[in-house]
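Values in this text are rule-based calculations from the coordinates and carry no lab data. In this text the structure is predicted, and so the values were computed from the model without any measurement. Neighbour counts are summed over all protein chains in view; Cβ atoms, including those assigned to glycine, are modelled from backbone coordinates with ideal geometry.
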Amino acid sequence: MTSFDREMEDRIAANAANESLRLSATALMKATIPTQYSYNFSWLGRPIIQYPQDIVAMQELLWSVKPDIIIETGIAHGGSLIFSASMLELNAACGGPKDAQVIGVDIDIRAHNRTAIEAHPLSRRIKMIQGSSIAPDIVEDVWELAAGKERVLVCLDSNHTHDHVLAELEAARLEVVRQVNARAVTRVPVGAAAGFGLWCLEQMSGRPGRDGVAGIVWNAVCLVGIGAMAGYYSASRDSSAGYARLYLGRVLPLLAARFGDLSFRSPAQLDLQALNSERLFDDYDSAVSDNEFFGTHRGLPISIATLLLTSGSGKQRRVSFEGLLVEVTLPRGLQGTTAVIAGTGAFEQLRHWLKTSNRQHVALEDPRFAQVYDVWSTDQIAARALLTPALMERLLALSGPAANIDGRPLVVARDNRLTLIIPRYGRDHFLAPGFRKAADSRASLIALYDQIAGVLAVADAVIGLDQAARSVAAESPSRTSVDA
C-alpha cells in the first residue's frame, strides 16, 4: 500500500465520521431520488440511470476483481451493460480476461433498447436474456453461461421487493450448492485418500498400536474422516463466503429499513483515531469492521458497527477487542471530553493519566459505580453533568450478566458525540445462514431481525441516558475547562 493509498483510507474514514457531511449526503439522496437525478447521465451513448459516484465505484470494483463474466439483473436502456462491457474491454487491453462477457437479464427488454444495445460497438461482449431473474429456466441458462468461469460478478438491480430479493438469493444459493457438490465429488475422495495415506505411513513407521486392532481401526477412521472433511472445506470455502457476503448485503438493508430511517453497509466506515486518543483499547495491529447500520433513530443520527481489534499474527494473534460501537450524534453536547472506562486501580489510573495528560480523574460519589468504572475528563463539571444517577444505574445494569454483554460497556462523550463501546454483545453479530439452508428461511430472517432489534434496544438506552444528561447540563451554570 502506497502512502497515497493510506492517506485516501484516512480521508474516507474521516469523511465517514463527519456527521455534517453524512447528513448532507443523505439529504442529497432524499432530494434527488424523487426528481430522477440519476436519469440525467449516459455511458458511451446509452442512458445508465446511476449516480456518477456509483459509476466510479463500480469501475474500481471491476478493475480490482477482473471478472470473467458479469451477470446483471435489470437492463432498462442498457447503459449499465455498455458500462460493464467497456470496463471488460479495458481490462482485456490491460492483461485481464480476453473473452469476458456481461449477461443482462430483464423481464421486459424493449425492442428499441435491444436494437440500440445490439448496434453498439461493444455489443460483442454483451448477451441479453429476456425473462424473470428468478424463473428456473432463466436461472439455468445464466448459470450454464457462467459454468467454468473463475470469477463471476453478480449485480442484482431488478425488482427490490423482499420476496423477489429472497428468490434471487435462493437461486444464487442453489447454484452455490451445485458448485460445491461438483467440486466435492473430487476433493472429498482426494482428502480421504490423503488421510488414508497418512494412516499407512503411520503403520509403516513401526510404531506399536497401544490399543490393539480397535485402536488401529479407529485411527484409520479418524484420519480418513479428517481428510474427507478437509476436502469438503476446500470445495465449499470460497463459494460459502461469497454467498454469505451476497446474502447479508441484500437482506440486512431490507431488515434495517423496517426499523425506520436506517441503512446498512459493509465494510463499515469508522474513524478510530478519537477513541484511540482516549486509550480505551489495548494495543492492536489490525482493525476489522464488517457491518454497520447507520441513519436516524429516535430523531438522532446513529451508527452501530461491529469491531474486531487484534494484535500479532499466527499463533501469537490476540484479540484486543471484539464487540460493537454505538455512536449517537446529539443536537447539543457537553463541553470537553469525558471517558468512562473500566476500573483499573491506582497504578493503571496513574498510567492512564500519564498517557492522557490533559485529562483529570473524576472522583465519583457513587461507591458502587466507582468500584466498576474510572472517569477521566477535560472538564470536571461537564463530567458530573454527564454522570447522572440514571446513567450510572443503566451502565451498572448493562455490566451485569442479564445484559448478555461479555464485559463492561464503556462510554465516551466528545462534544456532541456519545459513543458506547460494547464488548462482545451476544454470541455472534449478523451472520448469514449457511448455503445449505434456504435463503427465505424464516428462522434465519427472524434471528437477524432480532439481532438488529437487540442492538437498537441498547442504543435506546444510550439515547435515553444522553437526553437526561443534556437536561442536567442545560440547567448547569457556565463551566470553565480544567486541564491537568
Seminar exercise, completed: The exposure ranking of SER133, SER205, SER84, SER286, fewest beta-carbon neighbours within 10 Å first, is SER205, SER286, SER133, SER84
Exercise. To the nearest 20 debye, what is the magnitude of the charge dipole of the stretch 36-159 about its Cα centre, counting +1 on the Cβ of each Lys and Arg and -1 on the Cβ of each Asp and Glu?
Worked result: 380
Exercise. At TRP218 and LEU431, where each label point lies 7 Å from the Cα along Cα→Cβ, what is the point-to-point distance in nanometres?
Worked result: 2.9
Seminar exercise, completed: As a percent rounded to 5, the proportion of antiparallel DSSP bridges among beta bridges in the chain is 75
Problem set entry | Calculated on alpha-carbon atoms, Rg and Dmax of the stretch 212-283 in Å | 22.8, 67
Problem set entry | Within the stretch 147-176, GluC sites (Glu not before Pro) in DSSP loop having at most 15 other beta-carbon neighbours inside 10 Å | GLU150
For this session: For every other residue with a beta carbon closer than 14 angstrom to the beta carbon of HIS162, add +1 if it is Lys or Arg and -1 if Asp or Glu, then tell me the sum.
Result: -1
Exercise. About the Cα centre of the chain, what is the dipole size in debye to 20, counting +1 per Lys and Arg Cβ and -1 per Asp and Glu Cβ, all else neutral?
Worked result: 540
Exercise. For ALA363 and ASN181, FRET efficiency with R0 = 60 Å and r from the beta-carbon atoms, rounded to 0.05?
Worked result: 0.40
For this session: Using the Cα centre as the reference, give the magnitude of the dipole from point charges on the C-beta atoms of the stretch 176-257 (Lys, Arg: +1; Asp, Glu: -1; all else neutral), rounded to the nearest 20 debye.
Result: 300
Problem set entry | Bins of 5 Å from zero: percent of alpha-carbon pairs in the stretch 174-261 | 3, 13, 15, 14, 11, 10, 9, 8, 6, 5, 3, 2, 1, 0
Seminar exercise, completed: For the stretch 155-195, using Cα atoms only, the Rg and Dmax in Å read 16.0, 48
Problem set entry | FRET efficiency estimate (nearest 0.05) - Cβ-Cβ, ASP108 to ALA193, R0 51 angstrom | 0.50
For this session: Identify, among THR306, LEU272, CYS222, the residue whose Cα sits farthest towards the positive end of the charge dipole of the stretch 167-315, taking +1 on the Cβ of Lys and Arg and -1 on the Cβ of Asp and Glu, with the dipole about the Cα centre.
Result: CYS222
For this session: Determine ³J(HN,Hα), in whole Hz, for all residues of the stretch 373-382 in sequence, where each value follows from phi through the Karplus function 6.51 cos²θ - 1.76 cosθ + 1.60 and θ = phi - 60°; x replaces Gly and Pro.
Result: 10, 10, 10, 10, 7, 8, 9, 4, 5, 4
Exercise. Based on DSSP H runs of at least 4 residues, each adding -39500 (n - 2.57), what is the mean residue ellipticity at 222 nm of the chain after dividing by all its residues, to the nearest 500 deg cm²/dmol?
Worked result: -16500 deg cm²/dmol
Exercise. Stretch SER38-THR161 to full length: gain in nm at 0.36 nm per residue minus the Cα-Cα span?
Worked result: 42.2 nm
Exercise. Straight-line reach from LYS30: which aspartates and glutamates have a Cα under 13 Å away, not including same-chain ones fewer than 8 places off?
Worked result: ASP261
Seminar exercise, completed: Final fewest-first order of TYR247, TYR233 on the 10 Å Cβ neighbour count is TYR233, TYR247
For this session: Put one equal scatterer on each alpha carbon of the stretch 1-116, apply the Debye formula with no solvent term, and list log10 I(q)/I(0) at q = 0.10, 0.16, 0.22 1/Å to two decimals.
Result: -0.42, -0.94, -1.21
Exercise. To the nearest 0.05, what FRET efficiency results for ARG11 and SER266 with a Förster distance of 22 Å applied to their C-beta separation?
Worked result: 0.65
Problem set entry | Mean Cβ neighbour count within 10 Å, used as a protection proxy, ranking 239-246, 3-10, 322-329 highest first | 322-329, 239-246, 3-10
